[in-house]
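Input: a single structure, listed below in structure tokens.
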Amino acid sequence: MNETLQASIKIMVADSNPLVLSAMSEIFERDRRFSLVATSATAEGFLGTVMRVPVQVGVIDWNLPVLGAAKLIEVLREHESAPRLVVYGDAVGDAPRLAMQAGAAGFAPRSGEVNALLDICAEVAAGKMVFPFIDVRKMQQDPIHSLSRKERAILESLSKGMSNRELAIALQISTNTVKFHLSNIYEKLSVRNRTQAIAYYYSLQLSSGKGEA
């Protein structure tokens, strides 16, 4: 009995639909491989719990309010103790690719079998990446998703005309560290300098319809 409890995978589920949340909770509670730690109807609730309670795998709705799954994944990937995340959503469209780019460890389609979801979570807990077929060529077309949360913040600050010294003061880091981050940003975006990085940022804003940064 104790060995079973120790071996169980600590899991948390987050979905905005109370019926789905209830059904998924029951599914995981029935499977002895898992120990359901908590549930949440929002990204903020999920984040608050996993920052306090050890969770190995989180199953999150792709359209999770209010923060959203992509932003939630981005925030959590900055924390070493964060759970590995399985996105639960519609496999039609870009959701699987976007989930992978954001940093999720797996994707389970809503149209799939219940047992498939359970198996995906078990495999993710074991350290595997589990996704449906994804055209990696499309991923390579979106290098902005390879930037870390801090790198994106630096890129946005660059677009506002901040100097390295101003960035260092704002981020409370040394100018050498700023230069290190800038070098990584340039490499990931395949640009050579600050001007090209800013131009890339604004072209991204225009293509996404956001207008001003």
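See the values below:
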read-out	value
Cα-only radius of gyration and Dmax that characterise the chain, units Å	19.4, 62
Whole-number D in µm²/s for the range 142-207 (Stokes-Einstein; Kirkwood sum over Cα pairs; 4 °C, 1.567 mPa s)	110 µm²/s
Sorted by Cβ density within 10 Å, fewest first, the residues F131, F180, F46	F180, F131, F46
Ascending count of other beta-carbon atoms within 10 Å, so fewest first, for D90, D15	D90, D15
Percentage relative contact order, the chain, counting C-alpha pairs under 8 Å, at least six apart	13 percent
Net dipole in debye of the chain [+1 Lys, Arg Cβ; -1 Asp, Glu Cβ; about Cα centre; nearest 20]	780 debye
FRET efficiency, 1/(1 + (r/R0)^6) with R0 30 Å, evaluated for N17 and Y186 via beta carbons	0.10
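Values quoted throughout were computed directly from the atomic coordinates according to the rules given, and no laboratory measurement underlies them. Predicted, not measured: the structure shown is a model, and the values here were computed from it. Note: ideal-geometry Cβ built from the backbone for every residue, glycine included; neighbour counts use all protein chains shown.
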